[in-house]
Amino acid sequence: MLIRIGYDIELEFKAPVAPTALIYMLQVHPSREGDVQGGEHITVSPPLRTDHYLDAFDNHCARVHVDAGVKRVRLRNDAVVRDSGLPDVQDPGAVQWGLGDLPVDTLRFLLPSRYCEVDSELMPFAWERFGRTAPGWPRVSAICGFANQHLRFDYQCASATRGARGAFRERVGVCRDFTHLAITLCRCMNIPARYVTGYLGDIGVPPAPYPMDFSAWFEVWLGQRWHAFDARHNMPRIGRIPIARGRDAADVPITMAFGAHKLARFEVTTQALPAQAEAA
């Protein structure tokens with residue numbers, strides 16, 4: 001299957017504008033860049049000097065030098081990604097490792113982070129609620145099901161400062177809140193869990209009644225690999241294309257501008273191409 005991805009994002013910087021910078025994480029993750037057909041076509045308008053680098057989590061990042069007097073910066077991309085067209089892999093027999101046996105590079109995904117407050121009332125709650133479930137895949141599935149039912153999805157209630165504890169108390173949020181809550185509960189149960197942001201279109205499901213956006217889900221270390229879970233949808237989905245991975249949303253901002261600014265445009269494209277496009 002071929003999936004068209006892209007975005008059109010414009011930031012407006014408030015006058016007076018001194019030289020500043022804009023960091024973005026908007027390239028397909030290195031683990032999937034081999035599936036991008038013909039490369040990504042990212043443009044920055046106006047043309048500005050841009051530095052590209054990998055962060056501590058091996059995500060593609062870029063720093064745009066915003067010159068004095070520049071009041072608007074527009075980021076655009078259009079690309080096609082080859083995907084298996086299969087739903088998320090299910091492995092009900094995937095086992096949970098003991099703390100002394102986990103690969104050392106997974107340990108950072110057990111620790112508290114900005115939006116995943118493991119050291120809070122969620123710790124005793126997690127052990128009371130999930131301590132008697134079978135470890136491994138069944139336990140993560142139970143956590144996903146809880147987060148899915150506990151929170152109400154509402155774009156109007158999105159908050160950039162709400163963490164897992166706040167979502168747990170307020171019982172409302174967007175996909176990042178579902179993800180933060182599930183990640184935190186997994187970490188409370190000694191299951192390494194990391195945050196993923198990327199593209200997830202309405203492929204194989206009814207179209208959502210709101211504009212396309214980037215999505216958030218999470219991955220847990222079970223058995224011998226990382227597995228994708230989605231507390232927002234709580235079902236296997238087709239066409240996940242990761243952009244960045246980290247401890248939580250603070251590690252993987254789509255854009256981060258330094259200085260006063262506002263979002264003037266935000267459009268995301270994720271759609272399966274017709275079968276004839278693949279044949280061509």
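Somewhere in the stretch 69-87, is a residue farther than 23 Å from residue 227 by Cα, open to solvent by 30 Å² or more (accessible area, probe 1.4 Å), touching a Phe, Trp or Tyr at 6+ places or on another chain (Cβ under 6 Å) and part of a loop (DSSP other than H, G, I, E, B)? Scanning the stretch 69-87, I find at least one residue that is farther than 23 Å from residue 227 by Cα, open to solvent by 30 Å² or more (accessible area, probe 1.4 Å), touching a Phe, Trp or Tyr at 6+ places or on another chain (Cβ under 6 Å) and part of a loop (DSSP other than H, G, I, E, B), so the answer is yes.
Of the residues making up the stretch 1-30, those that are modelled with pLDDT of 95 or more and either in a loop (DSSP other than H, G, I, E, B) or loosely packed, with under 12 Cβ neighbours inside 10 Å (or both) are 1, 25, 26, 27, 28, 29.
Close Cβ contacts (under 7 Å, 6 or more residues apart or on different chains) running from residues in the stretch 33-44 that are in a helix (DSSP H, G or I) to residues that are of a type outside the set (Asp, Glu) and modelled with pLDDT of 95 or more comprise 35/81; 35/82. Listed by position, the helices (runs of 4 or more DSSP H) contained in the stretch 117-195 that have at least 1 residues being of a type in the set (Val, Ile, Thr) are 137-150, 175-188. Contact annotation: residue pairs with Cβ atoms under 6 Å, 6 or more positions apart or on different chains, pairing a residue in the stretch 129-156 that is closer than 17 Å to residue 179 by Cα and aliphatic (A, V, I, L, M) with a partner that is assigned to a loop (DSSP other than H, G, I, E, B) and open to solvent by 50 Å² or more (accessible area, probe 1.4 Å), are 151/171.
Being at pLDDT 95 or above and crowded, with 18+ Cβ neighbours inside 10 Å is true for just one of 223, 246. Which residue is that?
Values: 223 fails: crowded, with 18+ Cβ neighbours inside 10 Å.
After applying the criteria, what remains is 246.
Just one of the listed residues (152, 114, 129, 108) is open to solvent by 70 Å² or more (accessible area, probe 1.4 Å), modelled with pLDDT of 95 or more and in contact with an Asp or Glu (Cβ under 7 Å, 6 or more places away or on another chain), and it is 114.
Taking the conditions exactly as written (more than 22 Å from the chain's Cα centre (by Cα), at pLDDT 95 or above and loosely packed, with under 14 Cβ neighbours inside 10 Å), does residue 99 satisfy them or not? Spelling it out, residue 99 is indeed more than 22 Å from the chain's Cα centre (by Cα), at pLDDT 95 or above and loosely packed, with under 14 Cβ neighbours inside 10 Å. From the list 102, 54, 111, the lone residue that is free of Cβ contacts under 8 Å to residues at least 60 places away in the same chain and not β-branched (Val, Ile, Thr) is 54.
The values are calculated or read from the model by the stated rules, or taken from the named source; none is laboratory data. Keep in mind that what you see is a predicted model, and the values were worked out from it rather than measured. Note: ideal-geometry Cβ built from the backbone for every residue, glycine included; neighbour counts use all protein chains shown. Each accessible area value is taken on the protein alone, full model and side chains, heavy atoms only, with ligands, DNA and RNA left out. Shrake-Rupley method; radii C 1.70, N 1.55, O 1.52, S 1.80 Å.
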